[in-house]
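Heads up, the thing below is written out as structure tokens.
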Amino acid sequence: MKPGCILFDLDNTLVDRPSSLSKYAERFAADFSDRLDGISTEVLDHEIQKSDGGGYIPKDEMFVNLSTELPWTTRPTPDEIGEHWFHSIHSSQSECLDTGTYSK
């Protein structure tokens, strides 16, 4: 099935990117809690926001940054972080499509 249209949100008017990343930071903290070494969700949120660069940093680079810059007890590979990212994004999109709503 081809999409009817594609929207590009270059200035965060359609989606509040910082809020979306903050929610992702909460999920990231929960899912990697056994591997992160004493980092608060607030600091993790800041690091994810910084690594994302407002969406202008390539995702591969973002995943490397998170893998190397965060305090890990057991460091995940950038690929593991990438899989987590894409799984989380697709889960959120599916929920939005299933319910017909998007909550910020």
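Structure summary
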{"item": "Most to least packed among 81-88, 6-13 [average Cβ atoms within 10 Å]", "result": "81-88, 6-13"}
{"item": "Sum of -39500 (n - 2.57) over DSSP H runs of 4+, divided by residues of the chain (222 nm, nearest 500)", "result": "-19000 deg cm²/dmol"}
{"item": "Neighbourhood charge, 11 Å Cβ-Cβ cut-off, centred on THR73 and excluding it, Lys, Arg +1 and Asp, Glu -1", "result": "0"}
{"item": "Using alpha-carbon coordinates, inclination of helix 41-52 to the longest axis of the chain, degrees", "result": "60 degrees"}
{"item": "Lys/Arg +1, Asp/Glu -1 at C-beta; the chain dipole; positive extreme among VAL15, MET62, GLY4", "result": "GLY4"}
{"item": "Dipole magnitude of the range 17-99, debye to nearest 20 (Cβ charges: Lys/Arg +1, Asp/Glu -1, about Cα centre)", "result": "140 debye"}
{"item": "Two-decimal Rg/Rh across the chain, once Rg and the Kirkwood Rh are taken from alpha-carbon atoms", "result": "0.98"}
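Laboratory data are not the source of any read-out in this text; all were calculated from the coordinates shown. Since this is a predicted model, take the numbers as computed values, not measurements. Positions of Cβ are generated from backbone atoms using ideal geometry, with glycine treated the same way; all protein chains shown enter the neighbour counts.
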